[in-house]
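First up is the structure itself, then whatever we jot down about it.
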Amino acid sequence: MCTVWRANDGAVSSARRALDARLFVPGSEHPTRPARVPAYPGNSLDDAIGKLLIDTVTPLTLEVALAVQTELESRCDEAERLRSHEVERARYQSDLARQRFMHVDPGNRLVADTLEAEWNQALRALADAKERYEKRRQSDHAGLTDEQRGAILALATDFPRLWNDPHTPQRERKRMARLLIADVTLLKSAELRAQIRFKGGATHALTLPLPKSAWMLRQTPETVVAEINRLLDDHTEGEIANLLNGKGMISGEGKRFNRTMVARIRSNYGLQARYSRLRARGMLTLAEIAKRLDISTSTAKTWRCAGLLRPHRYNDRGETLFEQPGPDTPIKYQYQRNQRKNHAKSMSSAVGRNSLNS
């Protein structure tokens, strides 16, 4: 696909706009009007063309251009001599037509009228040739003053500063680019190729990777996905969102994380859920731990609150899985007996203190 991007259409687009492009059909001199004009996100292309312009407008290139201008000025006399031949030929044809008219028999009005018309036509051709000669002569001898040459060389310093100034409006960058660039031809294949033609006739080719699709621009960074996968071993999705926000990480859309977003990323990237990870480590549900210890689920909850069991949350609703019972895990009724013993000890201590006080 070939797209010609003319300077009149805006050589540098806004950073958040697609390029205005006009499609040219091969073999046609005029742009067609397709139902859908191809467009490309202009961020990378804008930056590449801007860098090219800054690299082009340098003191060296301007000095070369001024040297060429000086050489052209030195050849003006030769060019003027060649162009004067056209005026001399026109004058010769005019004099010849005048002589033919002056020698005609006045009585032969038909021939006289024809020769007079030819003389008038030769006079108009001579006037046009003189006018063209004077215009070209004035333009050739215009030249550049020392002040103008200094201003052109100062452009090499002013242009990069003005282009990179964040306060320069985008429309001003467009105007500067229009002064330098005639058009840009975009060729889309496996990559984006930009053929840039400057006003002076010079050309330059840029090769850029194709702009990413919208879904690719919003894709979650790989570092974030890896961090979520690591944190799922020890944290719930809500806790992971808080940890990521604390580290300053953002989503592909540039937003802060929340529990729902982390859950969606885990599902879209096929990450193992925290529940499955804990189960793979051999952890038991509430019913399984209660059955293993031969207690009721309510007793298991009581032991969990008392710190006798080691729970691990697997979601943000407080649901937990339990570690396998170890040698220090309490047995049935032991918690109640320990409570009674502690209560008895406290009562006996209180009685002893009362007897001493009496």
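The values are calculated or read from the model by the stated rules, or taken from the named source; none is laboratory data. Everything numeric in this text was worked out from a predicted model, so none of it was measured. Methodologically, a virtual Cβ is constructed for each residue, glycine included, from the backbone with ideal geometry; neighbour enumeration extends over all protein chains shown.
Given (1) under 39 Å from the mean Cα position of the chain (by Cα); (2) at pLDDT below 90, identify the lone condition not met by Val262.
(2)
Can you pull out every residue in segment 197-210 that is in contact with a strand residue (DSSP E or B) (Cβ under 6 Å, 6 or more places away or on another chain) and closer than 15 Å to Ser44 by Cα?
Matches in segment 197-210: Ala205, Leu206, Thr207, Leu208, Leu210.
Report the residue count in segment 288-311 for those that are outside any loop (DSSP other than H, G, I, E, B) and in contact with a strand residue (DSSP E or B) (Cβ under 6 Å, 6 or more places away or on another chain). Lay out the reasoning, then the answer.
Step one: list which residues in segment 288-311 are outside any loop (DSSP other than H, G, I, E, B), which gives 288-293, 297-305, 311.
With the extra rule that they be in contact with a strand residue (DSSP E or B) (Cβ under 6 Å, 6 or more places away or on another chain), the set shrinks to 289, 304, 311.
Within segment 288-311, residues that are outside any loop (DSSP other than H, G, I, E, B) and in contact with a strand residue (DSSP E or B) (Cβ under 6 Å, 6 or more places away or on another chain) number 3.
Please enumerate the residues belonging to segment 184-237 that are free of Cβ contacts under 8 Å to residues at least 12 places away in the same chain and among the aromatic types (Phe, Trp, Tyr).
Selection gives Trp215 alone.
Please determine whether any residue of segment 94-107 is farther than 30 Å from Lys212 by Cα, at pLDDT below 60 and not in a helix (DSSP H, G or I). Full working, then the answer.
Initial filter on segment 94-107 (farther than 30 Å from Lys212 by Cα): 94-107.
Narrowing the set further to residues that are at pLDDT below 60 leaves none.
Within segment 94-107, none of the residues are farther than 30 Å from Lys212 by Cα, at pLDDT below 60 and not in a helix (DSSP H, G or I).
Under 8 Å between Cβ atoms, at least 6 apart or on separate chains: pull out the pairs that start in segment 273-287 with a residue that is farther than 22 Å from Val225 by Cα and of a type in the set (Val, Ile, Thr) and end on any residue that is modelled with pLDDT of 90 or more and surrounded by 15 or more Cβ atoms within 10 Å (Cβ to Cβ).
The qualifying pairs are Thr285/Leu321; Thr285/Phe322.
Give all pairs with beta carbons closer than 6 Å in which a residue from segment 112-139 that is more than 19 Å from His85 (Cα to Cα) meets a residue that is modelled with pLDDT of 85 or more and among the hydroxyl-bearing types (Ser, Thr, Tyr); count only pairs at least 6 apart in sequence or on separate chains.
none
Any idea how many residues of segment 290-309 are surrounded by 15 or more Cβ atoms within 10 Å (Cβ to Cβ) and under 30 Å from Thr260 (Cβ atoms)?
Looking only at that region, the number is 2.
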